[in-house]
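Presented below is the structure to which this report refers.
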Amino acid sequence: MNISIITIGKLKEKYLKQGIQEYLKRLSSYAKVEIIELADEKAPENLSESEMEQVKQKEGERILAKISDDTHVIALAINGKQKSSEELAKEIDSLATYGKSKIAFVIGGSLGLSSEVMKRSNAALSFSKMTFPHQLMRLVLVEQIYRAFRIIRNEPYHK
């Protein structure tokens, strides 16, 4: 299985990089996981509604350019469906069973995802109604993907 995590913005925090690297190492025996970092759109603090849409549009174009037609896309969105770790594992396992070997998880920039990216997505996933820094969500997501594979294989993992 090939899993891409497509994300807007560069990760600068060393402690997050270390955590992500640890889970990527653990995941290597289950799937090929790649993180694709795309440039965020430089924007001042107080944007108008239309300027915010333009930023999301430009970032969305970069995201969509990295997604092939045969990829199952799961967008991380605050209004997405909340799932348990077991439900996420079941979804990943089901995709593999039905021949979907390419999955892309998409994490937008600070303004979220464009409507075009949401339309291209096969599912929207939310980890919480709370807002989290998108850099931190990378670590949480990679850990949950690792946990999902442990669940799929009936291997022990801290609950």
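Ranked by the mean number of other Cβ atoms within 10 Å of their residues, highest first, the peptides 38-46, 106-114, 2-10, 147-155 come out as 106-114, 2-10, 147-155, 38-46. Backbone amide hydrogens, once placed in the peptide plane, bring Val33 within less than 5 Å of Ile3, excluding anything fewer than 5 places away on its chain.
Under the convention that each Lys and Arg Cβ holds +1 and each Asp and Glu Cβ holds -1, the size of the dipole of the chain around its Cα centre is about 600 debye. Remark on the chain: hydrodynamic radius 16.2 angstrom, per the Kirkwood mean of 1/r across alpha carbon pairs. Given the chain, what percent of its DSSP beta bridges are antiparallel, to the nearest 5? If we restrict to bridges inside the chain, about 5 percent are antiparallel.
For Lys17, the aspartates and glutamates whose Cα comes closer than 17 Å to its Cα, not counting residues fewer than 8 places off in the same chain, are Glu34, Glu37, Glu143.
The alpha carbon centroids of the range 31-50 and the range 83-159 are separated by 18 Å.
Multiplying the residue separation of Asp93 and Leu64 by 0.36 nm and removing their Cα-Cα distance gives an extension gain of 8.0 nm. For the range 27-68, backbone nitrogen atoms closer than 20 Å to the point 7 Å from Glu13 Cα along Cα-to-C-beta are found at 35-41. Where in the range 82-112 is the amide nitrogen less than 17 Å from a point lying 7 Å along the Cα-to-Cβ axis of Phe127? Of the residues in the range 82-112, 82-89, 104-112 have backbone N under 17 Å from the label point off Phe127. For the range 2-153, the solvent-accessible area works out to 55 Å² per residue, with a probe of 1.4 Å and every protein chain left in place. Share of carbon and sulfur in the accessible area of the range 2-153 stands at 50%, probe radius 1.4 Å.
The values are calculated or read from the model by the stated rules, or taken from the named source; none is laboratory data. These numbers come from a predicted model, not from an experiment. Here the Cβ is made from the backbone with ideal geometry for all residues, glycine too, and neighbour counts use every protein chain on show. We work out accessible area using only protein heavy atoms, side chains counted, and drop any ligands, DNA or RNA first. Shrake-Rupley method; radii C 1.70, N 1.55, O 1.52, S 1.80 Å.
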